[in-house]
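Remarks on the structure that follows.
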Amino acid sequence: MRIGSLGLVRGLVGYFAGLIVGMAVVVILRLALGMSAWDQEAVWVGGLISAIIGFLLGVGAMSDWLKWTRGIETPLHHGPPAGKPAWTRYFGVDYNHKVIGIQYGVTGLFLLVVGGSFALVFRTELADTGISFLQPGTYNTFLSMHAWVALASILLGVGGIANYLVPLMIGAEDMAFPRLNAFAYWINVPAIVTLLISMLFGWDSGWTAYPPLSLLGPVGYQMVFLAIFTIGLSSILGSLNLIVTMLMMRPKGMTLFRMPILCWAILATSIIQLTATQLIGQAFLMLSFERSLGMPFFKPIYDAAGVNIGGQPILFQHLFWFYSHPAVYVFVLPGLGVISELLPVFARKPLFGYRWVALSSLAIALVGFLVWGHHMFTSGYQPYLRVVFMISTLLVAVPTGVKFFSWLGTLWGGRLIFPTPMLFTLGAISVFLIGGLSGPILATAATDLFLHDTYFVVGHFHATIFGGFVFPFFAAIYYWYPKITGRMYNETLGKLHFWLMTPGFWLMSLAQMTAGTMGMRRRIADYDPALGVQNVQLLVTIAGFVIAFSILIMIYNLFTSAEIGVLAGNNPWRSRSPEWQIPSPVPEHSYARPISIVGEPYDYGLAGSSYVAMAGAGDD
Amino acid sequence: MLKLPQSYSDRKHFLIVGALVAIVTVALGFFLLAILPIKAQASMQAEPIKWLFQLHLWLIAFLFALVVVFMLYALFVFRRRKNDDSEGEHFEGNTALEVIWTVVPLVLVVIFSFIGLRTLQDATSGGDEVQVKAEGFQWSWAFSYPNGVTSAEMVLPVNKPALITLQARDVIHSFWVAEWGPKQDLVPGMTTSLHITPTKVGEFQLKCAELCGLSHWSMAATVRVVPEEEYTAWMDAKLAEQNLQTASR
């Protein structure tokens, strides 16, 4: 087999070919228009847009569509590519949602490691006062990259959960639009390459990229804007596909309120992604135009009389947070869905208040659209807006509370067992509780005026995102691992992972919050010894390394168990969900025959009840 | 050894959990107060912030205890025993409970909105007996007083309401003296302001709290709060010094 036959390799070749062609075209155009040949903003932006298209052409994510324009029909191909080993399908365009789900999940995990490593680099620097090896400029780049790489990893991880599980859970053959699904995954890859290239040039604003700062620095900013715009496009296309799949492709008998609860969470998440992502795309596009074409959207410009005839910096913050706050719910709603999905299985009990849990996801998504201004209490907008956003933000606590109490109701009276996925589910609840409860203190504007931009906020959102996404993601990986690979992970290593990571994370969160109340600001390359936070900072660094080490244990576990793990069988967890009623690993065509739904999803303990009816061979 | 009831609906469970929640709330409340020592306490505007912060900590202690004690208790009492292959109790929910734990938090939200509003007013209002303009730029600060005096450090008299007007010359910065409590961004093209009535004499550090580029971490200035006589003396000396410079030019 030739290496060039891998889609990924062809894509990367296409990327760099596209880059060179695009840059050359811009230079030639500039010369033709009588401008100087080299303007790094224009040349890089032109080159990178062309590079991303080059990647998509190279990998073949648009091949079928291009053929359609020429009237050529392209039937869906099933199974690994002809004449190549089975693993190669993961490195090229494949339309099977299970392959795409794995592609999303593994890329997400890879980026989690990369983004986490960036954090370890600057955590090492922050372990003590004084600047030792990371100069402030590099520090700022690492800090900013940590954020966007980690956020990209979460978006891809969410995509992994959704793409792999939604069609399986609703008994569908595949997603509604398989080609769009593959396109939405592959467009992430050149975006990630672009994002990583930005590191070579540096950028120093943090992920928020507030202008005017983001209009000044190096050309790395343009790469970030383009990368995030492209990842945003993937979010929009992917969520559209998921919504259509869930609304149109459910089997007979599966009303909306009989969907597995995770589907509700994904539905709520997809609604946010479909409708809010445009705003950050727009905001970053405007920054890019302002940088490369000088259009004054955000930076004030004064005429001779001193009147501002330019832009307004705060406008950007509204656009940015209109997406970036709901984005937090994009990250956590699927995770909370995983918690709700797993608890009944390990408690052997119905999910307490199914409808309330389902609707609370929608409520969080909808209220989430109205709270963005709480990131801007100190921004200088009209002071009365603080009151509006304080009240709307506090309201988020209500549907979130419903989830916590329903989880307790689910545990109460169960027959609880504690394999690794259950441990991570419980760990997720504990960590998300820390994140959730430290929220209202930031929502009441007065306290936020002190806490804003301190390590308290850092502690709060890491707890929210770890409790709401990372812990549940790991729970999901361990839980569905036997369904994906057909083999069990190593339970001892799984438990070791949990018992290192969870106390490590509790310690990290609390230490970060302590540092914040003691006056430690966010995003600083060095801190004043007079603050007295050295010990706390050292604790955060040590905890960070413990968490990182535990994640390496998981990755080792996942790799080795795929070869040597015990065969899992169809349904090791005795779940009622459709995906556990078919063989592990899931066959190419998941369901040999259509399923129908004949009961409630979580009626554990109700004698004689069933959820899924598999049509027998002679039933048709 | 305490014999725990086996039935999930036995009232004894809830008595035990209730008692544990009360104990844990108190212990956790004091623990949080100890590990989260809020630094804001040297201005009139810091007081409501600190008060509300600590009120929050007690609420957090209670809610954390409520969820975690219930959870740990359930994990212990309802764990599967050896050789027990039965399923859990079958109940699918309880509408009355769901309504209660929707309405009670809603009431709490209303209460905290009201408290939050009052506290916000107290933390952001004050007089303007002393006025000073602070300008932020990459990566330092400059101060000027209405009488034309300029300075690289900010000096304020203790217990006098001060109005600090804020302007940014290049990018967004944020004015924050941790001991004083609130912070406020400086935005190019706008003038923002902050009311501070310092209540403690001493030397503090003003630090930029909004990432503003390369040397953001070191963008600081000294802030001195002094008795009123000392402030007047400092101002007179500055006036004399700067008038002298103007005259001799």
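From the phi angles alone, apply the Karplus equation (6.51, -1.76, 1.60; θ = phi - 60°) to the range B:70-81 and give each ³J(HN,Hα) in whole Hz, x where the residue is Gly or Pro.
4, 5, 5, 4, 5, 4, 7, 6, 9, 5, 6, 7
Less than 22 Å apart at the alpha-carbon level, and either on another chain or at least 8 residues along: which lysines does that give for A:K403?
Within reach: A:K349.
Which ³J(HN,Hα) values, rounded to whole Hz and listed in residue order, are derived for the range B:226-239 from phi using the Karplus coefficients 6.51, -1.76 and 1.60 in 6.51 cos²θ - 1.76 cosθ + 1.60 with θ = phi - 60°, glycine and proline given as x?
Those phi angles translate into 10, x, 4, 4, 5, 4, 4, 4, 4, 5, 4, 4, 4, 4 Hz.
Suppose R0 equals 22 Å; then what is the FRET efficiency for B:K12 and A:F418 from their Cβ-Cβ distance, rounded to the nearest 0.05?
0.35
Could you tell me which of A:G108, A:W573, A:L216 has its Cα farthest along the dipole of chain A towards the positive end, charges placed at Cβ (Lys, Arg +1; Asp, Glu -1), taken about the Cα centre?
Final value for the positive-end residue is A:W573.
Taking the Cα centre of chain A as origin and charging only Cβ (+1 Lys, Arg; -1 Asp, Glu), how large is the dipole, in debye to the nearest 20? Before the final figure, lay out each step's value.
Numbers: 30 positive and 25 negative charges, 186 e Å.
Dipole about the Cα centre, nearest 20: 900 debye.
Simple spin-label model, 7 Å along Cα-to-Cβ: B:L4 to A:A86 in nm?
Distance between label points: 4.5 nm.
What is the projected area of the convex hull of the Cα atoms of the range A:310-372, averaged over all directions, in nm²?
With the hull built on Cα positions only, its mean projection is 4.6 nm².
Over all distinct alpha-carbon pairs, what is the Kirkwood Rh of the range A:100-256 in angstrom?
Here the Kirkwood hydrodynamic radius works out to 17.0 Å.
At most 15 other C-beta atoms within 10 Å and a DSSP loop state: those are the exposed trypsin sites (Lys or Arg not before Pro) I care about. Give me the longest piece of chain A that has none. Working shown, then result.
Numbers: sites that count: A:R2, A:R70, A:R574.
Longest run free of exposed loop sites: A:71-573.
Using θ = phi - 60° and the Karplus form 6.51 cos²θ - 1.76 cosθ + 1.60, what ³J(HN,Hα) does each residue of the range B:41-52 get, whole Hz, x for Gly and Pro?
Computed from phi, the couplings for the range B:41-52 are 7, 10, 8, 5, 6, 6, 4, x, 5, 5, 4, 5 Hz.
How much mean residue ellipticity at 222 nm does chain B get from its helices, if each DSSP H run of length 4 or more adds -39500 (n - 2.57) and you divide by all residues, to the nearest 500 deg cm²/dmol?
Computed ellipticity for chain B at 222 nm equals -15500 deg cm²/dmol.
Taking every DSSP beta bridge with both residues inside the protein assembly as shown, roughly what % is antiparallel (nearest 5)?
Antiparallel: roughly 70 percent of the beta bridges in the protein assembly as shown.
Normalised by the residues of the range A:104-222, what does the relative contact order come to in percent, with Cα pairs under 8 Å and at least six apart?
31
Within the P(r) computed for the range A:506-601, what percentage of the Cα pairs occupies the region above 19 Å?
That tail contains 66 percent of the Cα-Cα pairs.
Ignoring the sites themselves, what is the longest stretch of chain A with no chymotrypsin sites (Phe, Trp or Tyr not before Pro) in a DSSP loop and at most 13 other beta-carbon atoms within 10 Å?
That would be A:134-620.
Using Cα atoms only, what is the angle between the long axis of helix B:95-124 and the major principal axis of chain B, expressed in degrees (0 to 90) to the nearest 10?
10
Hey, can you grab everything whose amide H is under 5 Å from the amide H of A:L416? Only 5+ residues off in sequence or another chain; H modelled, so Pro and N-termini drop out.
B:R79, B:R80
So who's got an amide H within less than 5 Å of the one on A:R487, skipping anything under 5 residues away but keeping other chains? H placed 1.01 Å off N, in plane.
Hits under the 5 Å cutoff: A:A568.
In Å, the Kirkwood hydrodynamic radius of the range A:363-497 over pairs of distinct alpha carbons?
16.9
Using only helices, what value at 222 nm comes out for chain A when you add -39,500 (n - 2.57) per DSSP H run of length 4 or more and divide by the total residues, to the nearest 500 deg cm²/dmol?
That calculation yields -22000 deg cm²/dmol at 222 nm.
Two decimals is fine: what's Rg over Rh for the range A:1-74, C-alpha atoms, Kirkwood radius as Rh? Intermediate results must be reported in sequence, preceding the final value.
On the way: Rg = 15.4 Å, Rh = 13.5 Å.
Rg/Rh: 1.14.
At the nearest 100 Å², what buried accessible area, both sides summed, do you get for A and B when the probe is 1.4 Å?
Approximately 7600 Å² gets buried when A meets B.
Relative to the compact-globule scaling 2.2 N^0.38 Å, provide the ratio for the alpha-carbon radius of gyration of chain A.
Scaled against compact globular proteins, the figure is 0.98.
If you place +1 on the Cβ of every Lys and Arg, -1 on the Cβ of every Asp and Glu, and leave all else neutral, what size is the dipole of the range A:490-620 about its Cα centre, to the nearest 20 Debye?
My answer is approximately 520 debye.
Report relative contact order for the range A:306-427 in percent, whole number only (criteria: Cα-Cα under 8 Å, sequence separation at least 6).
Over the range A:306-427, the number comes to 38 percent.
Quick one: if you stick a label point 7 Å off each Cα along the C-beta vector at B:T150 and A:A32, how many nm between them?
For B:T150 paired with A:A32, the spin-label model returns 5.2 nm.
Quick query: amide H of B:C208 versus all other amide H atoms, modeled in the peptide plane; which residues come in under 5 Å with a sequence gap of 5 or more or a different chain?
B:M219
Return the FRET efficiency for the residue pair A:M614, B:E92: r is the Cβ-Cβ distance, R0 is 25 Å, and the value is rounded to the nearest 0.05.
That pair, A:M614 with B:E92, gives E of 0.55.
Considering the Cα positions of the range B:130-248, please state its Rg to one decimal place and its Dmax as a whole number of Å.
In Å, with Rg to one decimal and Dmax whole: 14.2, 42.
In a GNM of chain B with a 10 Å cut-off on Cα contacts, which of B:T150, B:T124, B:T102 has the highest mean-square fluctuation?
Ranking B:T150, B:T124, B:T102 by mean-square fluctuation puts B:T102 first.
Within the range A:96-614, what whole-number % of the accessible surface is contributed by carbon and sulfur, with the 1.4 Å probe and all protein chains included in the calculation?
Ligands and nucleic acids excluded, carbon and sulfur give 72 percent.
Over chain A, calculate the relative contact order: mean separation of alpha carbon pairs under 8 Å at least 6 apart, over the residue count, as a percent.
On the way: 1063 pairs, mean separation 80.7, N = 620.
Answer for chain A is 13 percent.
Quick one, could you list the DSSP H helices from chain A stretching 30 Å or more along their long axis (Cα atoms) with average Kyte-Doolittle hydropathy of 0.0 or above?
Details: long enough: A:7-32 (36 Å, 1.96); A:97-126 (42 Å, 1.17); A:136-169 (48 Å, 1.08); A:220-248 (42 Å, 1.69); A:261-293 (47 Å, 1.27); A:313-347 (51 Å, 1.28); A:491-517 (39 Å, 0.43); A:534-564 (45 Å, 1.56).
Span-like helices here: A:7-32, A:97-126, A:136-169, A:220-248, A:261-293, A:313-347, A:491-517, A:534-564.
Provide the FRET efficiency to the nearest 0.05 for the B:Q131-A:L120 pair, computing r from the beta carbons and using R0 = 41 Å.
E(calc), rounded to 0.05, equals 0.30.
Could you check which residue among B:I115, B:I35, B:I100 shows the biggest mean-square fluctuation in a GNM of chain B with a 10 Å Cα cutoff?
Among B:I115, B:I35, B:I100, the largest GNM mean-square fluctuation belongs to B:I100.
Given just the C-alpha atoms of chain B, how large is their convex hull per residue in cubic angstrom?
203
The values are calculated or read from the model by the stated rules, or taken from the named source; none is laboratory data. The structure displayed is predicted, hence computed values, not measured ones. Using ideal geometry, Cβ is built from the backbone for each residue, glycine included, and neighbour counts are taken over all protein chains shown. We work out accessible area using only protein heavy atoms, side chains counted, and drop any ligands, DNA or RNA first. Shrake-Rupley method; radii C 1.70, N 1.55, O 1.52, S 1.80 Å.
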